[in-house]
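K.L.:
Let me give you the structure first, and then I'll get to my questions.
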Amino acid sequence: MTEKTALTPATHTAPPAAFSHGVRKGNILQVAGQVGFLPAVEGRAPAVAGPTLREQTLQTLANVEAVLTEGGAGWDDVVMIRVYLTDTAHFAEMNEIYDAYFRDLTVPPARTTVYVGLPAGLLIEIDALAVLG
């Protein structure tokens, strides 16, 4: 049986509840929903990258990438991305940022976008599923 490994990059604080930032089991790596928090600073509460969708989206993608890297994966290994937005008016802007970010991928991952409620100040959350090898 393949062992399940929890992943927490050095840039991340410990999760606020009983979950892992990422879990790898065999060649499957699931990245938990990441938000636009700046890299962790010892002794300080998590801080949002900024008030704009662009700032938060780019930081959120960097946070997803940090978990992928911690698990030995990269964007080319990602088969599914789920995007959670708090405002339907942000869809077009998020697509522009997303398309620019992934423009060099030969095969972009599948994607689902839904609208949700997030804690105050957070505009976007993204999770990812990667298959390695």
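The values are calculated or read from the model by the stated rules, or taken from the named source; none is laboratory data. What you see is a predicted model, and the numbers here were worked out from it, not measured in a lab. Here Cβ is always computed from backbone atoms with ideal geometry, including for glycine, and neighbour counts include all displayed protein chains. Just so you know, the surface numbers come from the protein's heavy atoms only, side chains and all, with ligands and any DNA or RNA stripped out. Shrake-Rupley method; radii C 1.70, N 1.55, O 1.52, S 1.80 Å.
K.L.:
Taking only protein heavy atoms and a 1.4 Å probe, what accessible area per residue, in Å², does the stretch 48-117 have with all protein chains in place?
P.N.:
51 Å²
K.L.:
Would you calculate, for the chain, the mean residue ellipticity at 222 nm contributed by helices, counting each DSSP H stretch of 4 or more residues as -39,500 (n - 2.57) and dividing by all residues, to the nearest 500?
P.N.:
-7000 deg cm²/dmol
K.L.:
Could you tell me the calculated FRET efficiency between residue 6 and residue 89, based on Cβ-Cβ distance and R0 = 41 angstrom, to the nearest 0.05?
P.N.:
Once the sixth-power term is evaluated, E becomes 0.70.
K.L.:
Express the carbon and sulfur contribution to the solvent-accessible surface of the chain as a percent, rounded to the nearest whole number, probe 1.4 angstrom.
P.N.:
Percent of accessible area from carbon and sulfur atoms in the chain: 56.
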